[in-house]
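Have a look at the structure below before the remarks.
The values are calculated or read from the model by the stated rules, or taken from the named source; none is laboratory data. If you're wondering where the values come from, they're calculated on a predicted model, not measured in any experiment. Note that each Cβ is placed from the backbone with ideal geometry, even for glycine, and that neighbours are counted across all protein chains shown.
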Amino acid sequence: MITTDEDVASLKTAIWALAHISSSTGGLTLLESFNEPTTLADSFVCLATECPHYGVRASAFYSCSLLATTDLGASQLESAGK
């Protein structure tokens, strides 16, 4: 639960860190090995569409664009959108 500005900042920091790691195929593969069965794309899409804090939504939305820079990430985003 996000209750303070510090919580929002911490979540946004984590989102950006994961997004930058996932912008390479090797990084995304590494992250996916820790995140089964939910993909990182599912998490980003959920935050971008459902989080009540617009700053978190924006970070998650832009993180989707970083994720989409790889074929694997684009494929996961396509599946997450269905």
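Assess whether residue 72 counts as being out of contact with any His (no Cβ under 8 Å at 6 or more places or on another chain) and either more than 27 Å from residue 5 (Cα to Cα) or in contact (Cβ under 8 Å) with a residue 12 or more places away in the chain (or both).
Answer is yes for this residue.
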Residue pairs qualifying under the 9 Å Cβ cut-off, at least six apart or on distinct chains, with the first in region 29-54 being closer than 15 Å to residue 19 by Cα and the second being among the basic types (Lys, Arg), are 47/57; 48/57
TODO: Please indicate, with yes or no, whether at least one residue in region 52-69 is among the aromatic types (Phe, Trp, Tyr), assigned to a helix (DSSP H, G or I) and in contact with a Ser or Thr (Cβ under 7 Å, 6 or more places away or on another chain).
DONE: no
Assess whether residue 6 counts as being at pLDDT 95 or above and exposed (fewer than 11 other Cβ atoms within 10 Å of the Cβ). yes
Scanning region 12-28 for residues that are free of Cβ contacts under 8 Å to residues at least 12 places away in the same chain and either of a type in the set (Val, Ile, Thr) or surrounded by 13 or more Cβ atoms within 10 Å (Cβ to Cβ) (or both), the one nearest to residue 54 (Cα to Cα) turns out to be 13
